[in-house]
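What follows is a short report on a single structure.
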Amino acid sequence: MQVTVNFTPTVHWKADELGYEVDMVCRVDKSVIDIECIVSDWKVEHFPDLYRRALDICRAKIDVVGFKMAYGLTVLLDTFETPDGTVTPIVPNAPYLEGICTAFSLDMGFDEVCMQVLQRPLLFMAFRELMTAISLPHVSLVECARAMDRIKNMLAPPGSKDKAAWNRMRETLRVDEAYLKYITDASANPRHGQPGHTSGSVTTEVTRRAWVIMNRYLEYLVHGEKPLDPVAYPVLDQ
């Protein structure tokens, strides 16, 4: 697809919490995207927020095109140029999640876990949702909650009522109710299209807990779907 958008308005954003303002101009020429950000006060620590805003604007413009054409278009911002001309790659990653996955490594246990994922559509969809949670801003809360729903449904006997299914999940993976509700409650407003702002600290904690629970589920699988050792796997409650 070669997409060109001639409409290039300037979009103003005031980041009150971080103390800066920015004017953004998104240009799209033959599917190459360039977004210029003119900031009132440039600091390296502003990059994550600036990236989210820039991606929002680019995606909004392209989504309008995709809606008209009925094409599933995707936006990828892959490099960032600082005011001094330094160009660096943009890698969607979450360092605060490193080390959480203990169920396997890329050298040991990977084949077994990968086969488990390939054989379970609900599981590979849950993985995709967690990857989306750290790749696309503003969807983390909903994607993490949806992944938890999928794990719940994989653990519950067919035909289980929702309450019984959540109980089965908590008992099997040794997760306190409040620990899990932190994830599902935080997603309620965005899941239902309600306006509002969720702080970055809450979003980060929701994502961290979802990662921990997914890892706990994988531990359950690699141990033959047997009850987890309460000593090795204490109840997740904080």
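Quick note: the coordinates plus some simple rules give every number you see, no bench work behind them. Bear in mind the structure is a predicted one, so any value in this text is a computation, not a measurement. Positions of Cβ are backbone-derived with ideal geometry, glycine not excepted, and every protein chain shown enters the neighbour counts.
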Open item on the list: Which of the three applies to the stretch 95-222, rounded, prolate or oblate, going by the alpha-carbon gyration tensor with a ≥ b ≥ c and a/c under 1.5 meaning rounded?
Closed with: oblate
Open item on the list: Pairs of alpha-carbon atoms within less than 8 angstrom and 6+ residues apart define the contacts here; what relative contact order does the stretch 26-113 have, in percent?
Closed with: 15 percent
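Trypsin sites (Lys or Arg not before Pro), restricted to the stretch 34-99: which are DSSP loop and have at most 16 other Cβ atoms within 10 Å? Intermediate values should be presented prior to the final figure.
Values: sites: LYS43, ARG52, ARG53, ARG59, LYS61, LYS68; in loops: LYS43.
Answer in residue order: LYS43.
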Open item on the list: Sequence gap at least 6, Cα distance under 8 Å: using those rules, report the relative contact order of the chain to the nearest whole percent.
Closed with: 14 percent
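Rg/Rh for the chain to two decimals, with Rh computed the Kirkwood way over all alpha-carbon pairs.
Values: Rg = 20.7 Å, Rh = 20.2 Å.
Rounded to two decimals, Rg over Rh is 1.02.
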TODO: Please identify, among GLY224, GLY200, GLY85, the residue showing maximal mean-square fluctuation in a Gaussian network model of the chain using a 10 angstrom Cα cutoff.
DONE: GLY85
- [ ] Enter the Cα centre distance for the pair the stretch 117-139 and the stretch 52-110, rounded to the nearest angstrom.
- [x] 14 Å
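Arranged from highest to lowest average of other beta-carbon atoms within 10 Å per residue, in what order do the peptides 9-15, 174-180 appear? Don't skip to the end; give the middle numbers.
Details: 9-15: 12.9, 174-180: 16.6.
Per-residue mean Cβ counts within 10 Å order the peptides as 174-180, 9-15.
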Open item on the list: Quick check on the chain: helices-only [θ] at 222 nm, where DSSP H runs of length 4 and up contribute -39,500 (n - 2.57) each and the sum goes over total residues. Nearest 500, please.
Closed with: -15000 deg cm²/dmol
Task: Formal net charge of residues neighbouring CYS37 (Cβ-Cβ distance under 14 Å; K, R +1; D, E -1) - done: -3
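Which value, to two decimals, describes the C-alpha radius of gyration of the stretch 1-95 once divided by 2.2 N^0.38 Å?
Numbers: Rg = 13.9 Å, N = 95, 2.2 N^0.38 = 12.4 Å.
Relative to the rule-of-thumb radius for its length, the stretch 1-95 sits at 1.12.
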Open item on the list: Need the list of aspartates and glutamates near LYS68 for cross-linking: C-alpha distance under 19 angstrom, and skip anything on the same chain fewer than eight residues off.
Closed with: ASP29, ASP56
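Can you figure out the FRET efficiency of ASP162 with PHE124, using R₀ = 30 Å and their beta-carbon distance, to the nearest 0.05?
On the way: r = 23 Å, r/R0 = 0.76.
Here the calculated transfer efficiency is 0.85.
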Task: Cross-link partners of LYS43 among aspartates and glutamates (Cα-Cα below 17 Å; sequence separation of 8 or more within a chain) - done: ASP16, GLU17, GLU21, ASP23, GLU81, ASP84
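Please go through the stretch 52-138 and write out the GluC sites (Glu not before Pro) that DSSP classes as loop and that have at most 10 other C-beta atoms within 10 Å. Numbers along the way, then the final one.
Working: sites: GLU81, GLU98, GLU112, GLU129; in loops: GLU98.
Here the GluC sites (Glu not before Pro) that fit, given the DSSP loop and packing criteria, are GLU98.
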TODO: Using a 10 angstrom cutoff on alpha carbons, build the Gaussian network for the chain and name the most mobile of GLU36, GLU45, GLU205.
DONE: GLU45
Open item on the list: What distance in nm separates the two pseudo spin-label positions at THR102 and VAL32, each 7 Å out from Cα along the beta-carbon direction?
Closed with: 4.9 nm
Open item on the list: With a cut-off of 8 Å between alpha carbons and a minimum separation of six or more residues, what is the relative contact order of the stretch 114-200 in percent?
Closed with: 22 percent
Open item on the list: Order these by the 10 Å Cβ neighbour count, fewest first: SER201, SER140, SER187, SER160.
Closed with: SER201, SER160, SER187, SER140
Task: Charge sum, other residues only, whose C-beta stays under 14 Å from VAL222's C-beta, Lys/Arg counted +1 and Asp/Glu -1 - done: -2
